[in-house]
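This report concerns only the one structure given below.
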Amino acid sequence: MEDEREIIRNIIKLIRLLKGLVFFVAGVALLVVGYALGFFGQPVAQGSVLESSHLPENSTPPAPPNALWQAPDSTTIPAGAEGEKIRYGKELIAHTSVYLGPEGKVLAMSNGMNCQNCHLKAGTVPYGNNFGRVASAYPKIRKRSGKMVDYEARINDCFERSLNGQKLAEHSPEMQAMVAYLKWVGGGVGKGEELPGFGRFQIEPLDRPADPKRGKQVFGQYCVQCHGPNGEGQLATNGREWTYPPLYGEGSYNIGAGLYRVSGFAAFVKANMPYGVTFENTLLTDEEAWDVAAYVNSMRRPKKDLSQDWPDISQKPVDHPFGPYADSFTEQQHKYGPFDPMKVAN
């Protein structure tokens, strides 16, 4: 199994190397053409951000507008009690199950997954379900519940859905530590500010339904090495958390989780999977991402009462797979698509 994972890692490295070589060759070609046509060697326009006389010595040009969001460096966590709270919150996000899983040190209240199994590297990865805009967005009214939701309620939403567990007491040290961490991670983002790296990685929509049968082939090619032939995942050596989480079955997220929507899962795996991939160096095609999302979300998993979700059914996302709907499309169509015709109809 380890040999197979090493082969996949080497393939990913080779793909990245080839992409880099292509960009290098293209860059050299552009330089040659530019010099031949006289585009280079001209004086920089006065007032340009590249005009070195306008920059302090050893400085760098300012970041362009809408630069990729980056999480703050952990060295900026303050000292003292507030810093300790933030660090504890990060620990809880990274190793949720150790503290709050089936054999948790603090409480036994969730399914054994860690928050960072879905929010990569404790919610700091661009397009990895990060926490970059959480601090600036909450509290807010969520369409799914039709209610005002604060930090604590949003965290408990994940505990009840993605971690298939129970609510955590809002005034508990653990809840307050996680809230402090979320506020720290997104502390540099202004209210309403949108930056690349937030939200979903954009992939092309399909003009056909996402296909679980095709997705099973993708799963067998790219996913079983880490997540197992039955999607059961791989436990860490401490036996209390997952190195690679279960993707379906009783230990995985339930039908109320955000990743149960095919579009969310597809965008997530496109930008982040197989392990080691980034949104800048993807491996799966868009079609493969859609199909493997359909396969994973066609498999059995825990149930949840969703009768209180989406009180205004006209606000349901087109890929929410449970009716009733404000349109005439079926649950099957709302689960697998294609979704563009639904968007037009709505």
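Coupling constants for segment 122-135 follow from the phi torsions by the Karplus curve (6.51 cos²θ - 1.76 cosθ + 1.60, θ = phi - 60°), and in residue order they are 6, x, 10, 8, x, 6, x, 6, 6, 9, x, 10, 5, 4 Hz; glycine and proline get x. Near the amide H of Q234, within less than 5 Å, lie the amide hydrogens of T243, Y244, all on another chain or at least 5 residues away, with H placed in the peptide plane.
Once the 1.4 Å probe is applied to the protein heavy atoms, segment 111-194 comes out at 44 Å² accessible per residue.
Overall, the anisotropy analysis places segment 91-159 in the oblate class: the square-rooted eigenvalues a ≥ b ≥ c of its C-alpha gyration tensor yield a/c not less than 1.5, with a/b not exceeding b/c. Put simply, when 110-122, 315-327 are sorted by average Cβ atoms within 10 angstrom per residue, most first, you get 110-122, 315-327. Starting from segment 224-327, pick out the trypsin sites (Lys or Arg not before Pro) whose DSSP state is loop and whose Cβ has at most 13 other Cβ atoms within 10 Å. Taking segment 224-327 and a limit of 13 other Cβ atoms within 10 Å, the loop trypsin sites (Lys or Arg not before Pro) found are R300, K303. Once the 1.4 Å probe is applied to the protein heavy atoms, segment 211-334 comes out at 45 Å² accessible per residue.
Within a Cβ distance under 15 Å of P173, other residues only, what is the Lys/Arg minus Asp/Glu net charge? Taking every Cβ under 15 Å from that of P173, the sum is -2.
Reducing segment 302-345 and segment 215-242 to their Cα centroids gives an inter-centroid distance of 29 Å.
For segment 73-112, the normalised intensity computed at q = 0.28 Å⁻¹ comes to -0.82 (log10 of I(q)/I(0), Debye sum over alpha carbons, equal scatterers, no solvent). For segment 324-336, the Karplus equation 6.51 cos²θ - 1.76 cosθ + 1.60, evaluated at θ = phi - 60°, returns couplings of x, 10, 8, 10, 9, 6, 7, 4, 4, 5, 5, 7, 10 Hz by residue, with Gly and Pro reported as x.
Each principal axis of the Cα cloud of segment 206-346 was evaluated for its coordinate range; sorted largest first, these ranges are 48, 32, 26 Å. Taking a ≥ b ≥ c as the square roots of the Cα gyration tensor eigenvalues, segment 122-178 comes out rounded, since a/c falls below 1.5.
If you wrap segment 178-271 in the convex hull of its Cα atoms and look at it from every side, the mean projected area works out to 9.0 nm².
Computed over protein heavy atoms with a 1.4 Å probe, the carbon and sulfur contribution to the accessible area of segment 263-332 reaches 51%.
The values are calculated or read from the model by the stated rules, or taken from the named source; none is laboratory data. Since the model is a prediction, treat every value here as computed from it, not as a measurement. Glycine gets a Cβ as well: all are built from the backbone with ideal geometry, and neighbour counts include every protein chain shown. Areas reflect the complete protein model, heavy atoms only, side chains present, ligands, DNA and RNA absent. Shrake-Rupley method; radii C 1.70, N 1.55, O 1.52, S 1.80 Å.
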